[in-house]
Amino acid sequence: MTERETTRLTAWSHELRQVHRRLRDALAATRACLAEGAPGEAATRDLLLYCHGFCTALDGHHQGEDRTLFPAVAAAHPELQPVLASLGQDHTVIAHLLGGLRAAAERAAPPEELARHLEGVAAIMENHFRYEERKLLTVLETLAPAADPADVLGPL
């Protein structure tokens, strides 16, 4: 294996970590917007923008994993099927929670309700990311899906 190929393989695990970091940052920015937002139409628009950006990014990340990454991992490591199934179930739960967050933001729900939605997403998301990193990072260092990392993991 050439140095370039080794670097490319290792890059998948680094890229997954980077995408997770960016999503964590987006969640933190959304929480900060809620905490600092003054009442009124401008604050509601700002929060909607943050929520929309965060929800879209997280949904896109999970759809890419489900569509491309997980099938590649399953093909190379069939023993990881239970892990991938669990991660896929998490994606479904997180998508449902994101739908609730979007709906609450779109109807300008009270800050306390929005904070509850964000806390729910944050708890499941963080648990999911840690499990995924623990179970898949080493595997990703030996896997080279024939796809653009941004299409698989979301924008870096």
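The values are calculated or read from the model by the stated rules, or taken from the named source; none is laboratory data. Fair warning: this is a prediction, and the values are worked out from it, not measured in the lab. We place every Cβ from the backbone using ideal geometry, glycine too, and count neighbours over all the protein chains shown.
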Would you be able to say whether some residue in the stretch 141-155 is farther than 19 Å from Arg24 by Cβ, modelled with pLDDT of 90 or more and not β-branched (Val, Ile, Thr)?
no
Which condition from (1) touching a residue at least 40 places away in the same chain (Cβ under 8 Å); (2) under 12 Å from Leu118 (Cα atoms); (3) in contact with a Gly (Cβ under 6 Å, 6 or more places away or on another chain) is the one that Leu97 breaks?
(1)
Being at pLDDT 80 or above, in contact with a helix residue (DSSP H, G or I) (Cβ under 9 Å, 6 or more places away or on another chain) and loosely packed, with under 13 Cβ neighbours inside 10 Å narrows it down to one of Ala74, Ala57, Ala32, Ala26, so name that one.
Ala32
Of the residues that make up the stretch 135-145, is at least one without any contact (Cβ under 8 Å) to a residue 12 or more places away in the chain, of a type outside the set (Val, Ile, Thr) and part of a helix (DSSP H, G or I)?
no
Output for Cβ contacts, cut-off 8 Å, separation at least six or different chains, first residue within 17 Å of Thr138 (Cβ to Cβ) in the stretch 65-94, second among the acidic types (Asp, Glu) and surrounded by 13 or more Cβ atoms within 10 Å (Cβ to Cβ), reads Leu87/Glu65; Leu87/Glu132
Give the residue that is surrounded by the most Cβ atoms within 10 Å (Cβ to Cβ), with candidates limited to residues of the stretch 100-127 that are without any contact (Cβ under 8 Å) to a residue 24 or more places away in the chain and basic (Lys, Arg).
Arg116
